[in-house]
Amino acid sequence: MKKIIITFCAAVTLTACTQNTRTIATPVKQNQKAIKSFTQWCQERFILPEETKHTVEVLLEEAGTQNCEKANRKLSNLIELSLWGDKKISDLAPLAS
């Protein structure tokens with residue numbers, strides 16, 4: 001598993017930020033196959049739950065591309081990712097890969 005730093009900031013003020021270093025694991029629901037890479041999350045985003053799909057869309061935006069493989073390469077090299085403002089991410093599973 002990879003340790004990443006995620007910064008969340010309140011939408012009201014950019015000074016109210018918290019920074020956490022966590023090892024993120026992808027939970028696997030019963031009868032659900034494990035997704036191993038962001039490329040897979042991205043390619044399957046149209047059949048994912050809305051919260052998960054939203055996270056994938058935000059990450060594609062952060063990567064600056066809609067190409068799943070290019071986004072995976074770019075995001076995999078990040079050691080810090082700031083998600084603040086109106087991103088409204090509630091499912092962290094796509095961040096695990």
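Quick note: the coordinates plus some simple rules give every number you see, no bench work behind them. Just so you know, these numbers come straight off a predicted model, no measurement behind them. Cβ coordinates were reconstructed from backbone atoms using ideal geometry, including for glycine residues, and neighbour counts include every protein chain displayed.
Results, tabulated for the structure shown:
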| read-out | value |
| --- | --- |
| Residue count, segment 64-84 (criterion: in contact with a Lys or Arg (Cβ under 9 Å, 6 or more places away or on another chain), farther than 13 Å from Ser37 by Cα and among the hydrophobic types (A, V, I, L, M, F, W, C)) | 1 |
| Of all residues in segment 52-97 being in a strand (DSSP E or B) and touching a helix residue (DSSP H, G or I) at 6+ places or on another chain (Cβ under 8 Å), the one that is nearest to Gln40 (Cα to Cα) | Leu81 |
